[in-house]
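The structure appears below as structure tokens.
The values are calculated or read from the model by the stated rules, or taken from the named source; none is laboratory data. Since the model is a prediction, treat every value here as computed from it, not as a measurement. Every residue, glycine as well, gets a Cβ built from its backbone with ideal geometry; the counts of neighbours run over all protein chains shown.
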Amino acid sequence: MTSSTDYSDTVTQLRDTVGRVCKDFPGEYWRAKDRERCYPTEFVQALTDLGLLAALIPEEFGGSGLPLSVGAEILKAIHEFGGNAGACHAQMYTMGTVLRHGSQAQKEQYLPQIASGELRLQAFGVTEPGAGTDTTSITTMAVREGERYIVNGQKVWTSRAEQSDLMVLLARTTPKDQVKKRTEGLSVFLVDMREAKKNGMTIKPIRTMINHSTNEVFFDNMPVPVANLIGEEGQGLRYILSGMNAERILIAAECIGDARWFIKKARDYACERKVFGRAIGQNQGIQFPIARAFAEMLSSNLLVDHAAARYEQGKPCGTEANLAKMMASEASWHAADMCVQTFGGFGVAEEYDVERKFREARLYQIAPISTNLILSFVAEHELGLPRSY
Ligand SMILES: Cc1cc2nc3c(=O)[nH]c(=O)nc-3n(C[C@H](O)[C@H](O)[C@H](O)COP(=O)(O)OP(=O)(O)OC[C@H]3O[C@@H](n4cnc5c(N)ncnc54)[C@H](O)[C@@H]3O)c2cc1C
């Protein structure tokens, strides 16, 4: 896919479609789900039925074959129009591991069913409690026994595990002390969770300050057929890393959508709310933070678009994707803070949705990668500073 094709009409149509879907799922819907920490099944189904989550799957496997930048526009629109794609964004991009590194047989077996929504591949088991960001220190082990691997260990923050049929799992196949480089000896598996839940996989939800359906996942002698190994044994970290730029760009797009939502909400309220006999938006103390949030959103959006364009052109984009995620997550957080302040007391009242979106916006400076690790990456790889860890 190259950026020479003009997708602007497609993006306009998709934004209209997403806008119509989001109208059917207003603030009351999200508030109720948030209160109960319930998965937004109906919203995800509506996006699935319209094929929006299959945007990036090539047409030969039943998807729309759209480039990353268009996927990013879908996610921007979902967040801009008041939805939250956190419940299902991984269905859009986790399949990339299978698409880029899976065998032809694996692609033919899984991708069409993922495209139709029949199979949900939205669980991504990488993070472990003992390793955190230091992925090469994970200890979940997959030991080969004949035609299967036996997996033992634990993951944490495995989001949407309860709402997935398949999980992309990273495990050690060679212990860290037996490999030449710590990046070796890790392998990726496509785990059929419907079987695994009956045979060694236990899922325990983690309650968080946001409604994110995230979990601890335990593996106790869980068998995985050798046919479900993705690519070559021992090369898994490379496969996982290759998907991370796309993920960062897409998450950054969600942050842009959030920032736009906060800016519109604040702008409308600032025009409407009268104190001391005039609209609060007439005060520069209210105007300027809204204008500043707009400036941050607009400039981060340029970076998101730039990172997506480089990704589509097959150019290196690690720095751009990481910085797009960092800048967009900060822009949305600053916009969230501005919005709460603009609303005054009503900024913390549930019925305006501002406090909920404020909580939701905070996540993206932590996950899928925290800001410090982005700065370390840029310091080392872009600026040639010594590695800090
Ligand atoms: C709601 C939620 C959903 C998630 N979903 C998934 C998922 O689906 N799948 C999955 O695999 N993971 C998931 N994650 C995990 C997420 O990717 C990690 O939380 C994130 O990468 C940060 O890792 P950590 O929480 O282990 O923090 P740690 O690695 O423990 O770090 C803690 C703090 O120390 C800082 N720090 C650590 N090392 C350094 C250093 N060398 N220099 C400077 N600062 C440092 C970090 O930046 C961070 O601020 C999710 C997390 C959350 C909260």
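What the table below lists for this structure:
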{"quantity": "Of all residues making up the range 149-189, the number that are touching a strand residue (DSSP E or B) at 6+ places or on another chain (Cβ under 8 Å) and in a helix (DSSP H, G or I)", "calculated": "3"}
{"quantity": "Some residue of the range 342-351 being over 14 Å from residue 252 (Cα atoms), within 15 Å of the ligand (Cβ to nearest atom), of a type in the set (A, V, I, L, M, F, W, C) and assigned by TED's automatic domain parsing to the domain that holds residue 256", "calculated": "no"}
{"quantity": "Qualifying residue in the range 136-148 (condition: within 14 Å of the ligand (Cβ to nearest atom), in a loop (DSSP other than H, G, I, E, B) and closer than 30 Å to residue 83 by Cβ)", "calculated": "no"}
{"quantity": "Matching residues in the range 227-267 - criterion: being out of contact with any strand residue (DSSP E or B) (no Cβ under 9 Å at 6 or more places or on another chain) and of a type in the set (Phe, Trp, Tyr)", "calculated": "261, 262"}
{"quantity": "When residues of the range 351-374 are limited to those that are part of a helix (DSSP H, G or I), of a type outside the set (A, V, I, L, M) and touching a helix residue (DSSP H, G or I) at 6+ places or on another chain (Cβ under 6 Å), the one surrounded by the fewest Cβ atoms within 10 Å (Cβ to Cβ)", "calculated": "371"}
{"quantity": "In the range 83-105, the residues that are within 14 Å of residue 246 (Cβ to Cβ) and either in a helix (DSSP H, G or I) or of a type outside the set (A, V, I, L, M, F, W, C) (or both)", "calculated": "89, 90, 91, 92, 93, 94, 96, 97, 98, 99, 100, 101"}
{"quantity": "Test: residue in the range 21-41 that is in a helix (DSSP H, G or I), more than 30 Å from residue 348 (Cβ to Cβ) and out of contact with any Phe, Trp or Tyr (no Cβ under 8 Å at 6 or more places or on another chain)", "calculated": "no"}
{"quantity": "Test result for residue 158, out of contact with any Gly (no Cβ under 8 Å at 6 or more places or on another chain) and within 11 Å of the ligand (Cβ to nearest atom)", "calculated": "no"}
{"quantity": "Residue within the range 265-282 that is of a type in the set (A, V, I, L, M, F, W, C), surrounded by fewer than 22 Cβ atoms within 10 Å (Cβ to Cβ) and assigned to a loop (DSSP other than H, G, I, E, B) present", "calculated": "yes"}
{"quantity": "Residues (more than 8 Å from the ligand (Cβ to nearest atom) and assigned to a helix (DSSP H, G or I)) located in the range 376-389", "calculated": "377, 378, 379, 380, 381, 382"}
{"quantity": "Of residues in the range 195-215 being among the hydroxyl-bearing types (Ser, Thr, Tyr) and within 16 Å of the ligand (Cβ to nearest atom), the one nearest to residue 153 (Cα to Cα)", "calculated": "214"}
